[in-house]
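S.K.: What follows is a single structure, and I will ask about it in a moment.
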Amino acid sequence: MESFEIIVHIGTNVVNCSRWDVEHISLVTLIHVMYEEHTGKEGVPIEDYCVFVQLPWSHERVEVKTDSELIEVFEMFKDRELSTIVFEVEKKPYIPLPPVVSSSNLNSNPEVKVNNYQGLSWSDIDDEVFNYNGDNEEEGLDRDDVEVIEQVEMVGAFTVLGDDVDNKYLNLFEGYQSMDDNEFFSDSNKEKPESKIARLMKVLRDYAVQEGIMFDRVKNEPIRLTYLCKGEGCPWRIHASSMIDGGTMTIKTYNNIHECYRVYNNVEARVKWISGKFEGLVKSNPDMKIGVISDLLKENFKVTVDIQRLYKAKKRALQGLAKDHAECFKHLRKYAYHGPYKGVLLSAVALDANSGVYPLAVCICEQETKASWCWFLNNLKRYLKYPLDRPLTFMSDRQKGVISALEIHFPFAKTRYCARHIYANFRIKHPRLNLKNLFWATSKSTNIYEYNSAMEEIGLVEEDAKVWLEKIPQEHWCRFSFDQSIRRDHVTNNMTEAFNSMLGDHRAKTYLELLEFIRRMIMKRFHMRKEESATWRSQIPPSVNSRILKAGRESRLLKMINAGNGEYELLGPTRTYGVKLKEFTCQCGSWQISGIPCSHAMVAISHACGRDALKDRVAEFVHQSLTKSAYVQTYKSMIHPLPDLTIWFKVQADPLIPQPLHATPGRPKLQRSREPNERPKHARSGSVVCRKCK
């Protein structure tokens, strides 16, 4: 694709915009590049520009108005084999030209008396009422005590007098972009009279910001308004008042001639107006920077706003979010964290046969206490209905009452402690790096001999560290002492952290939105996993198969002695282990704890089944809970969709109310507090530099 060198003249300056081809150029791109090269600032220019091109073969200066005309210019230069194109860019004054409304019908009606009410003149009103002092919300009719007017959400409906203009009032303001097809139509019988003038005022404010006009509010009352342009000598003017019914607003006079230049730093873009335009966006993204709002205002409305107004507008929008948080509480009973109303998210998750996170229950409570854990576990026991004769193990971080609550509601269950949390406490008094490695070797030991060896080494390094660890019962944090009927060798509860990370920024949303997100996320994942399992060719899930393949690679260094009757002795570089295939055991202990054959067992299985049949028969030596059939059984059921909130059935119970709102200092936390000296989360990508080339 042939490219051209683009040179832009703006005033007395010459800007070189490098080379461009016809596939990557447009008028918007040209102006943006020119603006950045000329001013040295990134962003969207707030001014409007006219673009001209110099035709060297005819010495003409032609205005380029559209992208198609710009492409034609490139084609003309290409045909004449010219490689440089010179543009001229000029700022243009933006003068809106509303359509001419018949003056015979409109201007012939001056401000008239309504119900013998005489309109006030300019001298009757204090001049300070119409002066803009920052963002004083007490001014004029925009003050907070006029709730009926300011809380109206729909945009204006009004009537224009005169039969010959009945079809023109929808285009009262040229360039005003309606956001609703029914914007000017409403059922006046169902609408309060005050809302009509409020809607008209909202339309006028939108028009003022969009067209860059500053209003001088001569009259700004509940039954009439008169707005002028603040530009000296500008004839733009509009006057409207209510009809005899007291509700319908009528535009009595309207002069559409506007002779002023566009105002970019427009005071009409007040705090309420900005928050109204971006309230939905701020609610969806509470952490949005005010710089983003500023850029959107420049791009969409061509208006610049000072930083104080932006902060106040965002604060006002977030106050609406707090109201949504409080409102959602009355729907929580019908439904079966972070945010203004603080809470703690309690969750119970399990693991499926493919080591995937399987959420069981979630709960939002005021604080993590023994009482809250008891309430949560009691409900979990009621709905889970777990058989008492089947093994069950809970893993927790030993925080704030969870152990006591488990002893009350699940006394028959085994408990494990997260080794990561244990080490966090262990490291406070024993921070040595070699002790860290020995701690994890102790926790991951699969037999008593490895455990004793690691503990002896810890004692040689620091005797107090050994004593500290011996105070914690082995069955809670060491693999070799775990209940072998569970067939899970996890020593940390990172699965709960994985579930928490799925919530992401949804923590800052309302409780109802958070719970709905969790429900929909689980509903979607269950269906995806059900479809995914249908494509598996093996009877072993992928995560189990990867561990078997790893064990197979590690078994290459082992020598085997067949003792007969399914028993084998495996000779390793440093240790010797015995394997009994009929009992599914290995003296290393790993097979019994994890339910997956270890490297020693893989040598014995390969010899017993033969290498050709190993792939088909290895599933026979994997525990039943870790097979495809168990996985399919787990996701056999489904979570059904819920109807819309508006048609949820009514619950005969007292409505829930939010807890008292207490503002805490500092920014709200959206991520887990890391332990001292804990490594930060690493990115999945990185860069590698050659030692010779750097």
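S.K.: So the check is Cβ under 8 Å with 6+ separation or different chains; which pairs have a first residue in the range 344-369 that's part of a strand (DSSP E or B) and a second one that's basic (Lys, Arg)?
M.R.: Filtered contacts from the range 344-369: Leu345/Arg507; Leu351/Arg488.
S.K.: Further, regarding this structure: Where residues in the range 544-569 are aliphatic (A, V, I, L, M) and farther than 19 Å from Val622 by Cβ, which of them is modelled with the lowest pLDDT?
M.R.: The qualifying residue modelled with the lowest pLDDT is Leu557.
S.K.: Here's a follow-up. Looking at the structure I just gave you, is Phe480 over 26 Å from Leu346 (Cβ atoms), buried (at least 18 other Cβ atoms within 10 Å of the Cβ) and of a type in the set (Phe, Trp, Tyr)?
M.R.: In short, yes.
S.K.: Can you work out which of the residues in the range 223-249 that are modelled with pLDDT under 85 and part of a strand (DSSP E or B) is surrounded by the fewest Cβ atoms within 10 Å (Cβ to Cβ)?
M.R.: That would be Ser242.
S.K.: The conditions are (1) in a helix (DSSP H, G or I); (2) of a type outside the set (Val, Ile, Thr); (3) within 19 Å of Cys588 (Cβ to Cβ), and Phe439 fails exactly one of them. Which is it?
M.R.: For Phe439, the failing item is (3).
Okay, residues lined up against (1) surrounded by fewer than 18 Cβ atoms within 10 Å (Cβ to Cβ); (2) of a type outside the set (Lys, Arg); (3) not assigned by TED's automatic domain parsing to the domain that holds Pro286; (4) not in a helix (DSSP H, G or I):
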position	(1), (2), (3), (4)
Thr446	no, yes, yes, yes
Glu450	no, yes, yes, no
Trp468	yes, yes, yes, no
Thr492	no, yes, yes, yes
Phe499	no, yes, yes, no
Arg520	yes, no, yes, no
Thr535	yes, yes, yes, yes
Val544	no, yes, yes, no
Gly552	yes, yes, yes, no
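S.K.: Are there any pairs with C-beta distances below 7 angstrom linking a residue in the range 506-528 that is farther than 16 Å from Met638 by Cα to a residue that is assigned to a helix (DSSP H, G or I) and at pLDDT 85 or above, with the two at least 6 apart or on different chains, and if so which?
M.R.: Going by the 7 Å Cβ cut-off, the qualifying pairs are His506/Phe517.
S.K.: If Phe526 passes every condition in (1) assigned by TED's automatic domain parsing to the domain that holds Ala353; (2) more than 29 Å from Asp287 (Cα to Cα); (3) in a helix (DSSP H, G or I) but one, which one does it miss?
M.R.: (1)
The values are calculated or read from the model by the stated rules, or taken from the named source; none is laboratory data. Fair warning: this is a prediction, and the values are worked out from it, not measured in the lab. Quick reminder, even Gly has a Cβ in these numbers, built from the backbone with ideal geometry, and neighbours come from all protein chains shown.
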